[in-house]
1. Tell me the net charge near Ile59. Cut-off is 9 Å between Cβ atoms, Ile59 excluded, with +1 for each Lys or Arg and -1 for each Asp or Glu.
2. Given axes a ≥ b ≥ c from the Cα gyration tensor, I'd like to know whether the range 125-284 is rounded (a/c under 1.5), prolate (a/b larger than b/c) or oblate.
3. Quick check: at a probe of 1.4 Å, how many percent of the accessible area of the chain sits on carbon and sulfur atoms?
4. Full extension from Ile16 to Thr343: what is 0.36 nm times the residue separation minus their Cα-Cα distance, to one decimal in nm?
5. R0 = 22 Å: FRET efficiency of Glu149 with Ala52, Cβ-based, nearest 0.05?
6. In terms of the Cα gyration tensor, with a ≥ b ≥ c the square roots of its eigenvalues, is the range 194-294 rounded because a/c is under 1.5, prolate because a/b exceeds b/c, or oblate?
7. Please report the antiparallel percentage of the DSSP beta bridges confined to the chain, to the nearest 5.
8. May I ask which of Lys110/Lys161; Lys279/Lys440; Lys132/Lys350; Lys45/Lys110; Lys182/Lys209 have a Cα-Cα span longer than 29 Å here?
Amino acid sequence: MKKLAKFVGLLFLVVILIVLARTFLTPSRQIAALPHAPERIDAQKVARDLSAAIPFRTISWEGGGTEEQKQATQAAFAGFHQYLEKIFPQVYAKLDHETIGENNLLFTWKGSDASLKPVLFMGHQDVVPAEKGTDSKWFEPPFSGAIAEGFVWGRGTLDDKMTIVGLLEAVDLLRSQGFQPKRTIYLAFGQDEEIGGLEGAEKIAQCLKSRGAQLDFVTDEGGFLSKGMVPGVSAPVALIGTSEKGYLSLELSVETAGGHSSVPSRDSSIAILSAAISKIQAHPMPAHVHGPIGEFLAYAGGSAHFPMRMVFQNLWLFGPVVQHILESSPDSNSTLRTTAAPTIFQAGTKDNVMPSRASAIVNFRILPGDTVSSVIEYTHTVVDDPRVKMRPIAGEPPSEPSVRSPADSTQFRLMQKTLAEVYPEAVSAPFVFVAATDSKHYAALTQNIYRFAPLLLDSEDVARIHGTNERISVANLTRSIDFYAQLLRNAAS
């Protein structure tokens, strides 16, 4: 018994030593703050430039919209393009520019060294409509572009006209300084990211592919600088999306005989389908704490205060604890697993009739490592009821999760370097972007795709994207232009 106790004690000591060694001796994956002289940017001018871009209602309508909506949207795109040419005349004069397809813009800033692969900076021109009946909830009208209380207000200020205006401001600034890129720079602004990008980014990518282009890296919207996301990390964390989730909307349907509500059946279509939905929510897909979230914590966790640093640097031991912490919040839980969200439920036409058919849509966001087929198979297994039929919804094909871009590449380090210059207070980390972007359309042109918008946002700001009171602070806008200018400079030289 004494020998066993000694062995257990020795084993415990070894574990403690390993934990402490990994906590304090694991090298940081961050780049130390670097010297940087911020660009001289006229904050009021750039605020006005963005403000005047917001009233152009370049809306992507689900299903294409009515004929009247289509005409109005086309006029908005035409007006927006004329406006960009008006406020950035030197960019249009010095850079090659063309319209791809109907409304997609492609700018080419030719580099002096043709042997270097080009880089591509993305943005999208389209916006979602303001939700019907919410106009009174907006502090400023949703398409006003009002400048008030230090903010530019309106749809597109965060998603994503800020990127388009910000990149063009940065190019105009560098051009005025006489900067000449060694590496060719593309600016690609799609027309329909909000509904999948098939007529926008996909067309631009096909055009570049037909010209034989291979890209060094692509950067698009995605992550941002977030505060308070990682327990124990007080610094803002720059969330650089190295992958994005896949997308699947499954229609679940049940058909029964129906009947009169005065003699209800226990197995009504609504009851059967409700039970199936409850099973899906009660049995989520498995968590993967050693997947993309593990890589994220390997970068960000090293900057946490003790004892959280000890926990994050030793997932081999504390993985279940970390999983429990992350599952407690919808935001972090979504980075941990494939999620399922019931979004539509349809049944019945009259209050005293048992409907013969009930249907529901469940939207899945698929974590890299899972697949469309594995999600469908898992859902069949969980529901385990042959009366419930399942199929992907018509008109919206599923998409697989993206391939993870390397976080140990020179291109990712370039993003980190630029952050260390412009946002020296921040910690940078790769993460899985839980929504969808246009960047997936460029996967055949490069393995290096990084999704990041240089904006410091809190949870309230994030809720404004596609919600009410979308806005960007003038300070945020100005600093983002500084970041874009420095990233352009670093990438092109």
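The values are calculated or read from the model by the stated rules, or taken from the named source; none is laboratory data. Not measured: the values here are computed from a predicted model. Ideal geometry is used to build each Cβ from the backbone, glycine not excepted, and the neighbour counts take in all protein chains shown. SASA here: full protein model, heavy atoms, side chains in, ligands and nucleic acids out. Shrake-Rupley method; radii C 1.70, N 1.55, O 1.52, S 1.80 Å.
1. Values: positive: Arg57, Arg155; negative: Asp126, Glu194.
So the environment of Ile59 carries a net charge of 0.
2. On the way: a/c = 2.23, a/b = 1.85, b/c = 1.20.
Note, shape of the range 125-284 comes out prolate.
3. On the way: 12780 of 22720 Å².
Carbon and sulfur together cover 56 percent of it.
4. Values: separation 327, 0.36 × 327 = 117.72 nm, distance 4.70 nm.
Once the chain is fully extended between Ile16 and Thr343, it gains 113.0 nm.
5. Values: r = 18 Å, r/R0 = 0.84.
Approximately 0.75, to the nearest 0.05.
6. On the way: a/c = 3.64, a/b = 1.67, b/c = 2.18.
Since a/c reaches 1.5 but b/c is at least a/b, the shape of the range 194-294 is classed as oblate.
7. Details: 43 of 67 bridges.
Of all bridge pairs located within the chain, approximately 65 percent are antiparallel.
8. Values: Lys110/Lys161 24 Å; Lys279/Lys440 32 Å; Lys132/Lys350 26 Å; Lys45/Lys110 27 Å; Lys182/Lys209 21 Å.
Long pairs (Cα-Cα over 29 Å): Lys279/Lys440.
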